[in-house]
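**Student:** My questions will all concern the structure given below.
The values are calculated or read from the model by the stated rules, or taken from the named source; none is laboratory data. Just so it is clear, the structure is predicted and the values come from calculations on it, not from any experiment. No Cβ is skipped: glycine too gets one built from the backbone with ideal geometry, and neighbour counts run over all protein chains shown.
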Amino acid sequence: MPPEALKEIATPPKRERKPQGRVWPPLEGAEEGNVVTRVAPEPNGYPTLGHAKGLLVPFIYARIYKGKFLLRFEDTNPRVERLEFYDAIREEFSRLLEAAERELGLSPGKWDEEIIESYHIPKMYELAERLIKQGDAYVCTCPAEKVRQWRREGRECEHRDQPVEVNLELWERMLEGDFKEGEAHLRLKTDMRHPNITMRDPGICRIVEAPHPIHGDRFRVYPVYDFSVSVMDSLTGVTHAFRSKEFEPHVEVQRTIIRKLGLREYHMVQFGRITVEGIPLSKRYIRPLVESGILEGWDDPRIPTLRGLFRRGILPEAIVRFFHELGPSKVDATVNMDMLAAINRKLLDPKVPRYMFVPDPVRAVIEGIDTPVEARVQIHPDSKEYRTIVVEEPIVYISKSDVEGLKAGDEFRLRGLATVRVRSVNPDEVSLILSQEQKIKGVKIIQWAPLKGGVPARVFIPLSPYSYEMLGGYGEPALAEMREGDMAQMLRMGFVRLDKRKPLTFILSHR
RNA sequence: GCUCCGGUGGUGUAGCCCGGUCAAGCAUAGGGGCCUUUCGAGCCCCAGACCCGGGUUCAAAUCCCGGCCGGAGCACCA
């Protein structure tokens with residue numbers, strides 16, 4: 001039989017190929033209208049690009065399935081949490097979600113509800129007590145070092161089999177303040193020989209003697225992550241709890257807690273973390289750089305905190321699109337800033353005005369030009385609008401890098417002004433003469449600034465977390481009218497954001 | 001060491017669950033070209049990958065086994 005014929009009979013109908021554009025894989029067990037997801041940051045620092053994934057993945061799924069999205073502050077370790085971080089998270093997340101609505105049509109671009117975990121601590125005490133009464137939890141007063149070792153070895157300590165009444169009394173004393181930090185812990189009774197060590201009688205409540213940013217010294221005993229997160233997810237109706245994959249071993253612990261308490265179960269979904277090539281994302285690494293003054297602050301444009309990126313001129317839309325394209329993958333991805341920059345550029349290019357800025361300026365005297373003269377430069381390549389630059393004297397600034405390599409007789413065009421020929425080149429001055437032929441094709445076009453009316457400005461170029469370059473120079477007069485936060489493209493240089501006006505300072509976003 | 005998770009062009013990702021239309025899509029970076037008093041941008045084109053070895057099958061990126069490599073976790077932090 002000819003294979004063709006066979007194929008016609010035997011080929012089963014296939015599902016259709018994936019259409020163009022990023023389509024996210026379906027979420028297990030998700031039904032339209034019944035999905036509740038959440039982002040659960042700890043307010044212990046300024047959110048970074050890494051947090052953006054933790055925000056966007058559950059948010060996108062919630063909106064795809066027309067479900068609810070919650071913002072929950074996991075503030076159960078007062079030692080590291082600060083009030084300012086709650087606000088920073090709200091602010092940065094808002095900007096991102098609003099951008100997600102604009103850019104991806106995921107509406108509403110806001111969380112549906114905000115929950116602060118620490119307000120629910122009394123409820124957790126109640127549940128902890130229930131576990132004690134059920135014989136599923138006990139108070140352990142072993143020192144941390146011993147617990148660590150015994151857990152590793154799979155040994156049970158003497159507190160494990162205390163009667164319920166003793167545990168209840170010790171628990172009461174924990175709450176009353178009879179124990180100091182580290183002296184007593186409430187542990188879940190599971191299996192000290194479980195292959196997954198995190199499952200070996202994990203701690204669920206401990207004492208922290210530090211004031212809470214919201215509650216001050218109201219609480220002394222705080223729930224440990226596994227306990228609070230599972231209880232909160234269950235109680236707030238979360239159907240799909242996302243977390244980065246280093247929490248994978250905890251899935252079992254959390255499921256156990258919920259079952260022992262008889263609470264509603266939900267799906268747990270892991271996603272891979274991202275790292276930015278060459279740039280540290282962790283607070284642990286960034287903090288010393290901020291504190292030692294190497295970085296200007298947590299919004300330094302050289303680091304990938306969200307505020308740092310915004311200040312650098314990365315649009316929230318670009319970050320949203322970036323993660324939408326990356327998807328919810330479980331693989332840890334190392335991404336380079338080029339991709340973020342490429343997306344940002346595509347967003348910026350059509351709508352941002354062009355300006356001329358001359359770094360490392362060198363004077364150029366033009367012979368044969370009648371001044372004053374008005375030069376016309378296009379505001380945007382696609383637009384018919386022009387800006388005029390009044391040139392009062394036949395002297396302009398051009399960039400040193402353009403002067404290098406110039407020799408007498410060379411011709412080039414000063415954008416919007418004139419085509420010129422080089423007469424001579426000195427280190428600090430170039431002598432030019434108006435070309436006979438003004439409409440030469442294929443001639444190099446460079447940017448310039450008038451000597452009179454040129455605006456001194458500088459451009460900060462982020463290189464790495466501890467290095468940068470500052471280019472000083474002159475720009476065309478219109479630069480003086482820009483407002484802080486405005487974006488522009490400096491011709492032949494790249495996209496910039498006006499950071500401050502005092503000394504007119506731009507930050508180079510990318511080329 | 002133990003436990004878990006992964007390995008698709010330089011990089012990231014789609015496809016893998018449900019084997020065929022995948023001689024593998026997209027993006028980014030790279031190379032070339034076009035545009036020219038509208039740009040280091042844009043537009044067009046090119047090149048580039050299924051970790052290795054076995055097995056199952058008419059057919060394997062997709063299923064199975066072994067190996068190699070990488071990552072994460074192994075806190076009374078989240």
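**Student:** Using beta carbons and a limit of 9 Å, which pairs, at least six apart or on different chains, have the first residue in segment A:331-354 and over 21 Å from A:Val57 (Cβ atoms) and the second one more than 6 Å from RNA strand B (Cβ to nearest atom) and among the β-branched types (Val, Ile, Thr)?
**Tutor:** A:Ala341/A:Ile314; A:Pro353/A:Ile379; A:Arg354/A:Val377; A:Arg354/A:Ile379
**Student:** Take A:Val251 and decide whether it is in a helix (DSSP H, G or I), within 11 Å of RNA strand B (Cβ to nearest atom) and not aromatic (Phe, Trp, Tyr).
**Tutor:** The answer is yes for A:Val251.
**Student:** So which residues in segment A:66-87 are more than 11 Å from RNA strand B (Cβ to nearest atom) and touching a Ser or Thr at 6+ places or on another chain (Cβ under 9 Å), if there are any at all?
**Tutor:** A:Gly67, A:Lys68, A:Phe69, A:Leu70, listed by residue number.
**Student:** Read through the list (1) of a type outside the set (Val, Ile, Thr); (2) over 30 Å from A:Phe179 (Cβ atoms); (3) surrounded by 15 or more Cβ atoms within 10 Å (Cβ to Cβ); (4) at pLDDT 95 or above, then give the number of the only condition that A:Asp112 fails.
**Tutor:** All conditions pass for A:Asp112, except number (3).
**Student:** A follow-up question, please. Output the residues belonging to segment A:216-257 that are surrounded by fewer than 18 Cβ atoms within 10 Å (Cβ to Cβ), free of Cβ contacts under 8 Å to residues at least 60 places away in the same chain and within 28 Å of A:Gly33 (Cβ to Cβ).
**Tutor:** Once the filter is applied, which keeps residues that are surrounded by fewer than 18 Cβ atoms within 10 Å (Cβ to Cβ), free of Cβ contacts under 8 Å to residues at least 60 places away in the same chain and within 28 Å of A:Gly33 (Cβ to Cβ), segment A:216-257 yields only A:Arg255.
**Student:** For segment A:94-204, which fully contained helices (runs of 4 or more DSSP H) count at least 2 residues that are within 12 Å of RNA strand B (Cβ to nearest atom) and under 24 Å from A:Glu252 (Cα atoms)? Give the steps one after another, and end with the answer.
**Tutor:** On the way: elements: A:121-133, A:144-153, A:164-176.
Output list reads A:121-133, A:144-153.
**Student:** Right, next: Look through segment A:308-327, keep the residues that are charged (D, E, K, R) and at pLDDT below 90, and return whichever of them is surrounded by the fewest Cβ atoms within 10 Å (Cβ to Cβ).
**Tutor:** Among those that are charged (D, E, K, R) and at pLDDT below 90, it is A:Glu325.
**Student:** Quick check on this structure: which one of A:Lys330, A:Lys346 is within 14 Å of RNA strand B (Cβ to nearest atom), basic (Lys, Arg) and in a loop (DSSP other than H, G, I, E, B)?
**Tutor:** On inspection, the qualifying residue turns out to be A:Lys330.
**Student:** List every residue pair whose Cβ atoms sit under 8 Å apart, with the two residues 6 or more apart in sequence or on different chains, where the first one lies in segment A:396-417 and is more than 16 Å from A:Gly368 (Cα to Cα) and assigned to a loop (DSSP other than H, G, I, E, B) and the second, anywhere, is near RNA strand B (Cβ under 7 Å from one of its atoms) and polar (S, T, N, Q).
**Tutor:** A:Gly416/A:Gln378
**Student:** Further question: Identify, by number, the condition in (1) closer than 23 Å to A:Leu471 by Cβ; (2) more than 11 Å from RNA strand B (Cβ to nearest atom); (3) of a type in the set (S, T, N, Q) that A:Thr371 doesn't meet.
**Tutor:** Going through the list (1) closer than 23 Å to A:Leu471 by Cβ; (2) more than 11 Å from RNA strand B (Cβ to nearest atom); (3) of a type in the set (S, T, N, Q), A:Thr371 breaks only (1).
**Student:** Right, another one. Test A:Lys444 against the stated conditions and say whether it is basic (Lys, Arg) and either more than 9 Å from RNA strand B (Cβ to nearest atom) or surrounded by 15 or more Cβ atoms within 10 Å (Cβ to Cβ) (or both).
**Tutor:** Judged against the criteria, A:Lys444 is not a match.
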